[in-house]
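Trainee: My structure is below; once you've seen it, I'll send some questions.
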Amino acid sequence: MRYTHRLPELTFELGTIVFSPGIRAGLLSSSGLQPYLDHVLECHAATDFGIVSRAMRFDNVIAALMDTGQLTSRFFITPTICPPETVVIVSTHLDERTTTIRFASEQL
């Protein structure tokens, strides 16, 4: 079930944005991927973590409050944007000051 209540004001820095190899390839082949990724990053930065479990949402809030650890968001992507991919994962590593964007099909 998607969380519908606004979270308290949580601020964190996205830092350096890093695209996975799959995302880089997708950007070259799909004109609709860049606007979608812009939207996903805006949601992530606004603490809309997309489709995540309650436990992951809790971990995200604690990490943002403590300014350490990792915040993870998951968003569905329509098949028309970048087939055959279905999920985009955004991870902000607060200690490293980086945000990585990858497809769920890509291993870390």
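Trainee: State in Å² the accessible area per residue of the chain; use a 1.4 Å probe, count heavy atoms of protein chains only, and round to the nearest integer. Walk me through the numbers before you get to the answer.
Mentor: Values: 6480 Å² over 108 residues.
On a per-residue basis, the chain sits at 60 Å².
Trainee: Given the rule -39500 (n - 2.57) for each run of at least 4 DSSP H residues, summed and divided by the residues of the chain, what is its mean residue ellipticity at 222 nm, to the nearest 500 deg cm²/dmol?
Mentor: Values: 3 runs with 35 residues, N = 108.
It comes out at -10000 deg cm²/dmol, rounded to the nearest 500.
Trainee: Could you tell me what a quarter of the Cα convex hull surface of the chain works out to, in nm² with one decimal place?
Mentor: Numbers: hull surface 26.6 nm².
Result: 6.6 nm².
Trainee: Quick check: at a probe of 1.4 Å, how many percent of the accessible area of the chain sits on carbon and sulfur atoms? Show your work: numbers first, answer last.
Mentor: On the way: 3840 of 6480 Å².
Taking all protein chains in place, the chain shows 59 percent carbon and sulfur surface.
Trainee: Counting only DSSP beta bridges with both residues in the chain, what percent are antiparallel, rounded to the nearest 5?
Mentor: Values: 13 of 18 bridges.
Of all bridge pairs located within the chain, approximately 70 percent are antiparallel.
Trainee: I want the local charge near Arg97. Using Cβ-Cβ distances under 14 Å, sum +1 for each Lys or Arg and -1 for each Asp or Glu among the other residues. Write out the running numbers ahead of the final one.
Mentor: Values: positive: none; negative: Glu13, Asp67, Asp95, Glu96.
Charge balance near Arg97 sits at -4.
Trainee: Quick one: dipole size for the chain, taken about the Cα centre, charges +1 on Lys/Arg Cβ and -1 on Asp/Glu Cβ, in debye to the nearest 20.
Mentor: 320
The values are calculated or read from the model by the stated rules, or taken from the named source; none is laboratory data. As the structure is a prediction and not an experimental result, all values here were calculated from the model. Note that each Cβ is placed from the backbone with ideal geometry, even for glycine, and that neighbours are counted across all protein chains shown. Heads up: the accessible areas ignore ligands, DNA and RNA and are worked out on the full protein's heavy atoms, side chains in. Shrake-Rupley method; radii C 1.70, N 1.55, O 1.52, S 1.80 Å.
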